[in-house]
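Written below as structure tokens is the structure these notes are about.
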Ligand SMILES: C[S@@+](CC[C@H](N)C(=O)[O-])C[C@H]1O[C@@H](n2cnc3c(N)ncnc32)[C@H](O)[C@@H]1O
């Protein structure tokens, strides 16, 4: 790698990992942040940049789960080759022996019969090098390592990276109160970007739960970094950590706003969830501008046109109730919210069908391991003569 002094200049290969299907969304976010030619990979996007970019991205990126920096890449012919090449990496220059480490990653190679084995070989190389150089070995901690390495093997090609984020970036540090089915924060940010919300139209989540979508929408609209509340970053445990550079980036990040550039409104039927959403919002300067109403979705007080992005309940065990609920959402959109756009994410295919409106866009996405549909519905007025019963639904765009 490099010394602290060269941290601002050294060009690195930076790979940002994302959830399935959100590669284009992440590339789009990177372009907005000024990275012109992001390379799309499988569940990842690659750019080049400096350590300053690595620090900056860890704080600002909303649609990635980790920021990796490549430390070595090479070709192997055999299992033994992996150990030999891994031994050449200057591990002792990367981190101190008193730090714990772990190795994660993915193996797609017939060289290895057992996909755990390559991890063991790299671990041995690290430990053996430390023993030879400093006569001590660093410990392994798979749950909360100080240093996390990423091993990726595709056929004969090996890439070893350091995961500069450590714990996944959806652990933003702001969600202290959660309900039974919170949406993943990175998924929430990615869906908002995918939805094309213009950051000006009134944003409404009538099933807001702990308020994740409201918070991610507000963070986006205000330009406050999504990870402003996060303390943990694994890059702080690397030997080359430039605390001054990080401090400069962190302190210059926007965090205080005197107003919101748009209205953001939430609602939830459960009083307990409303309290949780309010509690999570309170941690932010924009929290006081976001209203969270305690009511069923159809009673929420909003003035159309609005932009809805929501994650209604989808409990498969109560399918009949889910069907009625989603049918109700469809009717509410049709009759009460003209000239509006609504995006719904749900793991219930049946529920989405029960909405009874033709989606203008459809995506398959994952919220954690859960496969979900993400659909948009547009409502606009029919001829005035026929009144609200004649609301039309836009034709599918794809
Ligand atoms: C899947 S959760 C939403 C989770 C949320 N996105 C989060 O990140 O915490 C669905 C929410 O809908 C609420 N809910 C259920 N029926 C409702 C209704 N008729 N009107 C409004 N909210 C309702 C539940 O209380 C629950 O908090």
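The values are calculated or read from the model by the stated rules, or taken from the named source; none is laboratory data. Note that the coordinates shown come from a computational prediction; the quantities given were computed from them, not determined experimentally. Methodologically, a virtual Cβ is constructed for each residue, glycine included, from the backbone with ideal geometry; neighbour enumeration extends over all protein chains shown.
Couple of notes before you dig in:
- Test: residue in segment 31-41 that is surrounded by fewer than 16 Cβ atoms within 10 Å (Cβ to Cβ), at positive phi, at pLDDT 95 or above and part of a loop (DSSP other than H, G, I, E, B): yes
- Selection count, segment 70-89, where residues are buried (at least 18 other Cβ atoms within 10 Å of the Cβ) and in a strand (DSSP E or B): 1
- Residue within segment 360-370 that is within 18 Å of the chain's Cα centre (by Cα), in the same structural domain as residue 266 (by TED's automatic domain parsing) and free of Cβ contacts under 8 Å to residues at least 40 places away in the same chain present: yes
- Pair list, Cβ under 6 Å, 6 or more apart: segment 268-295 residue over 21 Å from residue 225 (Cα atoms), other residue within 11 Å of the ligand (Cβ to nearest atom) and part of a helix (DSSP H, G or I): 268/274; 292/274; 292/277; 294/271; 294/274
- Condition check for residue 220: within 16 Å of the ligand (Cβ to nearest atom), on the phi < 0 side of the Ramachandran plot, surrounded by fewer than 24 Cβ atoms within 10 Å (Cβ to Cβ) and in a helix (DSSP H, G or I): yes
- The sole residue among 137, 199 that is surrounded by fewer than 17 Cβ atoms within 10 Å (Cβ to Cβ) and assigned by TED's automatic domain parsing to the domain that holds residue 340 is 199.
Here is a yes/no grid of residues against (1) assigned by TED's automatic domain parsing to the domain that holds residue 354; (2) under 24 Å from residue 344 (Cα atoms):
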position: 239; (1), (2): no, no
position: 247; (1), (2): no, no
position: 281; (1), (2): yes, yes
position: 286; (1), (2): yes, no
position: 294; (1), (2): yes, yes
position: 297; (1), (2): yes, yes
position: 313; (1), (2): yes, yes
position: 330; (1), (2): yes, yes
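- Residues in segment 277-301 that are over 23 Å from residue 324 (Cβ atoms) and near the ligand (Cβ under 8 Å from one of its atoms): 277 only.
- Subset of segment 339-349 [surrounded by 14 or more Cβ atoms within 10 Å (Cβ to Cβ) and more than 17 Å from residue 206 (Cβ to Cβ)]: 347
- Taking (1) in contact with a strand residue (DSSP E or B) (Cβ under 8 Å, 6 or more places away or on another chain); (2) farther than 19 Å from residue 267 by Cα; (3) within 14 Å of the ligand (Cβ to nearest atom) in turn, residue 146 satisfies each apart from (3).
- When residue 96 is tested against (1) touching a strand residue (DSSP E or B) at 6+ places or on another chain (Cβ under 8 Å); (2) surrounded by fewer than 20 Cβ atoms within 10 Å (Cβ to Cβ), exactly one condition is not met: (1).
- Yes/no for residue 330 being more than 9 Å from the ligand (Cβ to nearest atom) and not in a helix (DSSP H, G or I): no
- Residues of segment 264-276 that turn out to be more than 13 Å from the ligand (Cβ to nearest atom) and out of contact with any helix residue (DSSP H, G or I) (no Cβ under 8 Å at 6 or more places or on another chain), as a count: 0
- Of the residues screened, residue 177 is not one that is more than 14 Å from the ligand (Cβ to nearest atom), in contact with a helix residue (DSSP H, G or I) (Cβ under 7 Å, 6 or more places away or on another chain) and in a loop (DSSP other than H, G, I, E, B).
- From the options 67, 45, 25, residue that is in a strand (DSSP E or B), in contact (Cβ under 8 Å) with a residue 40 or more places away in the chain, within 30 Å of residue 254 (Cβ to Cβ) and touching a helix residue (DSSP H, G or I) at 6+ places or on another chain (Cβ under 6 Å): 67
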